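One structure below.
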Amino acid sequence: MQFRLLKEKRFALTALAAVALVGATGVGVARASDHQDSPSVEGSPAVDMTDVYAFPGSSADRITLVLNSWPFITPAQTAGTTFDSNLLYQFKIDNSGDAKEDRVIQVLFKGSGANQTVEVRGPLVPPVPGATNNQVADVTPVVSGPINQVLGTASGVHVFAGSREDPFFIDLEQFFRIVPDRKPSTGSLAQLPETQSATSFRSATSAVDYVKGFNVLSIVIELPTSMLTQGGTPKLGIWGTISR
């Protein structure tokens with residue numbers, strides 16, 4: 001089974017053969033969060049990847065990876081919104097510094113609604129490297145089970161897949177002052193001035209989080225960092241893809 005790439009997001013970080021350097025050096029190169037960044041994903045929110053995160057895990061030798069998708073799910077919509085079983089969600093990891101994935105973690109879903117289940121394969125050598133013709137590895141899942149539950153083991157691969165409040169913060173009104181061509185043509189936001197100045201922005205204490213109260217669908221995987229760095233260097237490039 002092969003999948004056509006729909007969306008990709010990538011960044012790089014330094015991850016000791018434990019995660020201590022992640023906390024010390026943080027993300028080396030990062031891309032901004034994307035919510036409804038094109039007409040195609042506005043019409044198909046299941047493929048709209050909003051963020052990819054990596055940060056230290058529950059101990060110094062573990063790392064946590066997060067891929068979020070489907071932005072702006074309201075509380076009323078949350079119970080009925082689940083992952084698309086026709087999509088392949090992947091974390092891709094470069095541990096050799098050549099900007100090509102050396103390991104992938106593949107996530108698939110079966111069914112829909114409250115009975116939906118998740119399957120996680122990897123980390124493993126990608127069956128097909130690159131952004132196109134993604135293929136599901138012919139191996140047994142390392143973790144599987146219902147969504148909205150913590151699965152796996154605390155010492156091995158630990159997985160959660162389900163709805164969570166959107167962790168991203170954006171003051172959208174101020175964003176439209178920075179990028180006025182994205183401003184709506186009607187409604188109250190259309191009245192915002194296009195002239196930017198130091199006084200046109202709210203202070204950190206008065207900024208308004210536009211996505212507060214909205215949910216996303218999160219895939220959270222914690223695992224030993226050695227499973228990603230094995231055979232490579234402590235510096236990891238990590239990105240996510242969603243393919244159909």
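Rule-based calculations on the coordinates, nothing more; no lab input. These figures come from a predicted structure and were not determined experimentally. So basically every Cβ, Gly included, is an ideal-geometry build from the backbone, and we count neighbours across all protein chains shown.
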In nm, the gap between the two label points placed 7 Å beyond Cα toward Cβ at residue 128 and residue 86 is 1.7
For residue 98 and residue 203, extending 7 Å from Cα along the Cα-Cβ vector and measuring point to point gives, in nm, a value of 5.3
Computed over segment 68-107, the distribution of all Cα-Cα distances in 5 Å bins, rounded to whole %, is 6, 18, 18, 16, 13, 11, 9, 6, 3
Taking R0 as 25 Å and r as the Cβ-Cβ distance between residue 58 and residue 233, the FRET efficiency 1/(1 + (r/R0)^6), rounded to the nearest 0.05, comes to 0.60
Note: probe point = Cα of residue 44 + 7 Å toward Cβ; backbone nitrogen < 15 Å; residues of segment 124-159 passing the test are 132-134
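Report the charge-dipole magnitude of segment 100-175 in Debye, nearest 20, computed about the Cα centre from +1 at each Lys and Arg Cβ and -1 at each Asp and Glu Cβ.
Details: 5 positive and 8 negative charges, 78 e Å.
So the dipole magnitude of segment 100-175 works out to roughly 380 debye.
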